[in-house]
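Notes for the one structure printed next.
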Amino acid sequence: MTTKDEPTLSREAIEKAEELVRLSAIEYLERVAADIQESVIKVETVVVDGVPHEEILRFAEQKAVDLIVISSRGQSGLNRWIMGSVADQVIRGTNIPVLKIQVLKQGD
């Protein structure tokens, strides 16, 4: 519920923001895939909407993948407790082997 003084976004503004996020995700995945494909590993990039761990598991099952590779930012403490870890939820939710890669922070 919003009050009179709270700003609201139009449906058009929300849709534009969603499209910008989607385009950013696609560009990022294409860059990562290009680097990996140079080493002769077949890579498919897909961007879908939904609950991240559920969509990853659904996609892996539909495509009958041999391995799920997922990165983790290494959140800890309260943030991880509140948000949970998508990587951990994927690992717990599948019988498909999962390779979890820890993303290094700037300066590591």
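Read the figures in this text as sums done on the coordinates, not as results from a lab. Here the structure is a predicted model, which is why all the values come from computation and not from measurement. Cβ: placed from backbone, ideal geometry, glycine included. Neighbour counts: every protein chain shown.
For a Förster distance of 35 Å, can you work out the FRET efficiency between the beta-carbons of GLU54 and GLU6, rounded to the nearest 0.05?
0.65
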Spin-label model distance (nm) - ALA64 vs GLU15, 7 Å beyond Cα toward Cβ: 3.9 nm
For VAL69, residues with placed amide H under 5 Å, excluding near neighbours: LEU99
Spin-label pair SER39/ASP88, simplified geometry with 7 Å Cα→Cβ offset, distance in nm: 2.7 nm
Paramagnetic reach from SER71 in segment 12-38 [backbone N under 18 Å; point 7 Å along Cα→Cβ]: 21-38
